[in-house]
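Below is one structure, written out as C-alpha cells; the observations come after it.
The values are calculated or read from the model by the stated rules, or taken from the named source; none is laboratory data. None of the values given here were measured: they were computed from a predicted structure. All Cβ positions, even for glycine, are placed from backbone atoms using ideal geometry, and neighbour counts span all protein chains on display. For accessibility, only protein heavy atoms count, side chains too; no ligands or nucleic acids. Shrake-Rupley method; radii C 1.70, N 1.55, O 1.52, S 1.80 Å.
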Amino acid sequence: MVATTRSSFKNPPPLTAIGSTASRWFYVLVGVAFLQTSLTLSPIPVPEDEWVEFARMLRDPAFRLPTTTRPRHYQVTLTPYFDVVPANVNPFTFDGEVTIYTSPTVANVNEVVIHCNDLTIQSLSIGYQSGTNVVDITATGQTFACEMPYSFLRIRTTEALVLNREYIIKSTFRGNLQTNMRGFYRSWYVDNTGRRWMGTTQFQPGHARQAFPCYDEPGFKATFDITMNREASFSPTISNMPIRTTNTLANGRVSETFWTTPVTSTYLLAFIVSHYTVVSTNNNALRPFDIYARNNVGRTGDWSLEIGEKLLEAMEAYTQIPYYTMAENINMKQAAIPDFSAGAMENWGLLTYREALILYDPLNSNHFYKQRVANIVAHEIAHMWFGNLVTCAWWDNLWLNEGFARFYQYYLTASVAPELGYETRFIVEQVQMAMFSDSVDTAHALTDLNVNDPTTVSAHFSTITYARGAAILRMTQHLLGVETFVKGLRNYLRERQFNVAEPHHLFTALDAAAVEDGALNGYGGITIDTYFRTWSEKAGHPLLTVTINQRTGEMIVTQERWERNTGVSQFPSLWHIPITWTRAGAPEFEDLKPSQFISQQVTSINRGTTGLEWVIFNKQESGFYRVNYDDTNWALLTRALRSSSRTAIHQLNRAQIVDDLFQLARANVMKYNRAFNILSFLQFEDEYAPWLAAISGFNFLIRRLAHDSTNAALLQKLILELSPAVVAKLGYLEPENGSYMTDLQRMYVMEFLCNVGHEECNNFGTQAFRRWSTGTFIPANMRPWVYCAGLRHGTAEDFNFFWNRYLQEDLSSEKVVMLNVAGCTTDQASLNRFLDAIVSGNDDIRPQDYNAALTSAITSNEINTLRAFQWLRNNVDQATRTLGSVSTILNTIIGRLLNEEQINEVSNWLTANQNTLGATYSTALRAIETTRSNLVWSQQRISEFTNYFESGYVEDVIEEITEAPPTAPPTAPPTEAPAVTPAPDSANVAALSFITLIITLAVNLA
Ligand SMILES: [Zn+2]
C-alpha cells in the first residue's frame, strides 16, 4: 500500500517531546507535515483508524490467530446488492459463500479459529472427504459469530483433527458494503450515464475478513477461486485474475468465476463491481496490461499505462523473475477509484489507486502529478515482488514490503524516466523527511523487537517504515555496489517466493552475495547482518561531528544519536556507519562506495593533506546520518559556497548542508545567526534540491516567528533577499519547452515566494488569475500559485468564479489542487462558504479530501486561522457530524495561535464545551501546551535572529596556518592543498581555535 501522507497539520512541529500516545501521534503527523509545508501538493489524508488497526494487530498477541491449522485453498462466491434489491434483502449488502480447504499443523486440534468481521454467519460446517461423502465433525450447539474486538470466528469440532488430513470449512453469510473505504465497500461516481454505484475493496491490513471468513493474516497464504454474481447491467467484474467462466443465473444475474490466484495473502485480494471500462490498453495478449476507470475520463489513463509497462519490464529485468509467470493466466490491471483511503494498493494483478494518482492529463495535471503517478505505479509494481511474491511474515516487518517499494518508487522510476529527477528528489522527499521523523526519542525501530502496549505505535509506523526503510536500503546499495546488491536480492526473492520473509532472510542473502563478490572486503570483517541490524533494530540515527586539525589533517569523528529538539538523545546508541567524504583539494562526489566504517563513538581519520581545506562527509547524502563540523570547516565551506566555484560541491550536498543547518540550529547545537551566515549562500543558489530543503527550513521558522510581526517581517525580508538567483533562473512564466525539473521547481519556489510576500510573484500571479478568469489558459504548473495569489488579493467575486470552476471540474488532480488553495481567499464570507462546503456532507468534496481542504482553509492566510475558529464555534455540530471529530480542525487552529489572548479565547471555548467535545478536549489541551512551548522557544531564540537581521552576512576570519606541519602529508601531493599564506605565529593551535568572528558588514544583504 502507499501510505498517504497527511495534509492536516501544516503548523510547525511541536518543540518538546511529550511521552503520551497522542503526542507521539502528533509527532508523526507533523513529521510528514514538515515536508508538506514545502510540498503542499502532496496527497492526501488517510483515516487514522487505518494505522490504529495496524498498531492493534501489530502489538497485541491476543489478536493473532493460532497457527494450529493452515489453509491451502479457498472458493469464495459473493453476490453484492446496491440500491436496487430483491425482496428481503437490504440495500448495500452482499450474500456470500466460502469453502476453505485447511489442515492441522499439530496434533489434538479441536477448534479452528479464523477471522470474520461485520458478517452474519448463516451456516457453517467443518468436515472431511471420505470417498464420496463428507464426514461432518462440526460440534453441535455452537452459535457462529464474529467475536469482537479480535474478529475471531471459532469452530469447534467433535473430534481432534487428524494430521495429514485436509478439512473442508463451508459457510454461508451476509455482509455489508462498507462506507469507510475498507473491506468490501461502496463508492459512487458520475460517468456518461449519470451517477453510478460501485463496490470495491481495500483489504490491507485486515479487512478481507469483512468480505468473507478467512485466515486474515499475511502469513496464511493460499490460492483463491473467486466468483462474483453481479447485476447483469454492470460491467464485467474486475479481480486479481482474469475471468475464466461467465454464466447467467436463473435470477438474471451474471456469475463470473476468475482463474485461480497465485499463492497469496488475503490482504492482496481485490474485486471491483462497477460500470468501469478499459480506458487504456496495450492490446498485447502475451503481456496484457489494462487501465480501468469510469467511462468519461478520456485518455487520462495513458501515462500510467505507458510508464506501468516500462516499470513492469524494468522490474522483471531487475529481479529476473517474470511477472506473467507468477500464476497461470495472470494479467496486469490498474483501476482508478473515486473514494480510496490509501493512496494506492498493490492487490496482485489489480492495482487500485485514487483517481488523482493514476489519471493524468498532460495539459491540466501539474508536474507533481506526472512524477507522482509514475512513482506510485512503480511502488505498486515493485510490490508484485517485494510484498506479494515475498511477504513480510508479520506487520512488524512491514518495511520488508514498504521500504523496498518506496526505494524502487524512486530508483526504478529513475531508470525508465530519468528526466523526472527522482534521484534528486529522493534526498529532500525521503532521506530528509525520514531523518526528521526518526529524530525523536519516541521514534520506533524498523524491526521492533519489543511488544509494547497496543495503542502507541501507528502513524509513525508508516513514515519511518516507508521512508527510513528506503533510505537504509539506498545506503546498503551504495555499500555493496548495485550489482552485488541486486544479486543478493535475486537470491532472496527466489528463496522466499510464495512464502513470507523475515529480515534475517534478507541479510543472509545479501551477505552471500557480498562474500561471492568480495563487496565487503576492506571493511574489517563486517557483515550485512551486523551492519544492518544496527539500522533495522535500533531507532534513531547518528549525528557525526567532525573536528579537523588543519595542521596535521587529522579528523576526529564523533557519533551520537541525534535528537531534533535537544541535539542529543537521552538514549545513547552506536551504529555501524558506512562513511564517505571528500575535500576541497580533490572534490569528488560521484564515488559513493564507503571508504570505511565508523563503529566506535570516536574515530580518527587521516585526511591525507595538511593546510586549510574543507571536508564534506556523506557524499550526495548517501548515508543516513547528519553532519556537523568545527567552525573552521564551516567557515571554509561558507566561502566555497559563496564563491564562483560553489558548484564544485554536489547539489545534493548543498541540500544536505541546508537541511542539516536548519536542524542543527533548531536543536540549538548551532546558533541561528551562525546558520544564517552559512545559509547566505542561497543568494547565489538556484538549484532544485538546496532550495526545496531551504523552503522546508524557512517554513518552520516562519511559523515560529509568526507571533512577532516585526521579526516575522525581517525574516521575510531575509528570504526575499536570498531569492534573486533562483528567481532569475526560473522566471515566472513557464516557457514552452522548459525542462521538467525546472518547471517543477518554479511551481514550488513561486508558491513559497508568493506566500512570503514576494511582490513580483504576487503581481504576476494576480494578473495571471485575471487572465484565467477571462478565459486564458494557464499552464497546470502555474495554477497552484496563480490561483492562490489571485484569491489572496482578490474579492468575493473571484472566489465565486474559482469555486464554480471547482464544482464543474472533473479531473481529480485539478480538483485537489483547487481544494489546496481555496483557503487562500482573504474574503471572510468566501472562507465561510468554503468551510460550509467541506462539512456539508454533500458530494462537492469527497471524504478523502476533507483534511486537505480543511488545512487549506485554516492555514493559507494568517487571518484565516481565527476566522476558521469563529466559524467552528458556530458550526461545531455539523462539523462533528460530517467529520466524525473536530479534533483535526482544532489542533490545526491551535498550532497556529499567536499569543495568550488567542490561546485564551480558544481555551475558554474548549472549557465551555468540554462535555460535548469528549476526547477532543484533552488532545486540544495538549496542543495548547505545545503552542505555548513553541512561543517560549521563540522568545528564547529570538536574539539569534535579531543578531543576524542587524548584522547580515559576516565574513568569518580564518586564521592562517603558520608553519609547515611536523611531518609530510601521507598521501596527498602538496599542490592539491589550497594555498596557505604564512603568518607570524600559531604554535599549538587546536582546530577549533583557528577562527574568530569579526563583524564585517555584509555586502550583499545590507
Ligand atoms: Zn506499499
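Computed with a 1.4 Å probe on the full set of protein chains, the accessible area for SER235 sits at about 20 Å².
If you take the beta carbon distance between ASN296 and LEU574 as r and set R0 to 56 Å, what does 1/(1 + (r/R0)^6) give as a FRET efficiency, to the nearest 0.05? Numbers along the way, then the final one.
Values: r = 58 Å, r/R0 = 1.04.
Computed FRET efficiency for ASN296 and LEU574: 0.45.
Counting pairs on different chains as well as pairs 8 or more places apart, how many Lys pairs in the chain have Cα atoms under 18 Å apart? Could you put the intermediate results ahead of the total?
Numbers: LYS310/LYS333; LYS310/LYS370; LYS370/LYS815; LYS487/LYS593; LYS593/LYS619.
Lysine pairs satisfying the spacing and distance rule in the chain number 5.
Relative to the dominant Cα principal axis of the chain, helix 828-839 is inclined by about 40°.
Please compute the net charge surrounding LEU811, taking Lys and Arg as +1 and Asp and Glu as -1 over other residues with Cβ under 10 Å from its Cβ.
Numbers: positive: LYS815; negative: GLU355, ASP361, GLU809, ASP810, GLU814.
With Lys, Arg at +1 and Asp, Glu at -1, the net is -4.
Think of it this way: in the chain, CYS214, CYS392 stand alone, with no other Cys Cβ under 4.7 Å.
Checking every one of the GluC sites (Glu not before Pro) in the stretch 90-182 against DSSP loop status and a limit of 13 other Cβ atoms within 10 Å picks out GLU159.
Defining a contact as two alpha carbons under 8 Å apart and six or more residues distant in sequence, what relative contact order in percent does the stretch 500-578 show? Result for the stretch 500-578 is 22 percent. The calculated 222 nm mean residue ellipticity attributable to helices in the chain amounts to -12000 deg cm²/dmol, summing -39500 (n - 2.57) over DSSP H runs of n ≥ 4 and dividing by all residues.
Relative contact order for the chain using alpha-carbon pairs under 8 Å, separation at least 6, rounded to a whole percent? Could the numbers behind the result be given before it?
On the way: 2032 pairs, mean separation 110.0, N = 1006.
Taking the mean separation of contacting Cα pairs over the length of the chain, I get 11 percent.
Over the stretch 390-537, with every protein chain in place, what whole percent of the accessible area is carbon and sulfur at 1.4 Å, could you tell me?
Working: 1980 of 4110 Å².
C and S fraction of accessible area: 48 percent.
Checking every one of the GluC sites (Glu not before Pro) in the stretch 671-744 against DSSP loop status and a limit of 14 other Cβ atoms within 10 Å picks out GLU736. Using a probe of 1.4 angstrom and keeping all protein chains present, the accessible surface of the chain works out to 34 square angstrom per residue. In this label model, GLU166 and VAL957 are separated by 8.7 nm, measuring between points 7 Å along each Cα→Cβ vector.
Go ahead and run the numbers for FRET between SER840 and GLU950, Cβ-Cβ distance against an R0 of 56 Å, rounding to 0.05.
Details: r = 51 Å, r/R0 = 0.90.
Efficiency computed from Cβ-Cβ geometry: 0.65.
Computed from the C-beta positions of VAL486 and ASP83 and an R0 of 45 Å, the FRET efficiency is 0.30 to the nearest 0.05. Measure nothing but the geometry: give the 0 to 90° angle between the long axis through the Cα atoms of 631-642 and the longest principal axis through the Cα atoms of the chain, rounded to 10°. In the chain, helix 631-642 runs at an angle near 80 degrees to the longest axis.
What's the angle, to the nearest 10 degrees (0 to 90), between helix 367-383's Cα axis and the longest principal axis of the chain? That helix lies at roughly 60 degrees to the long axis.
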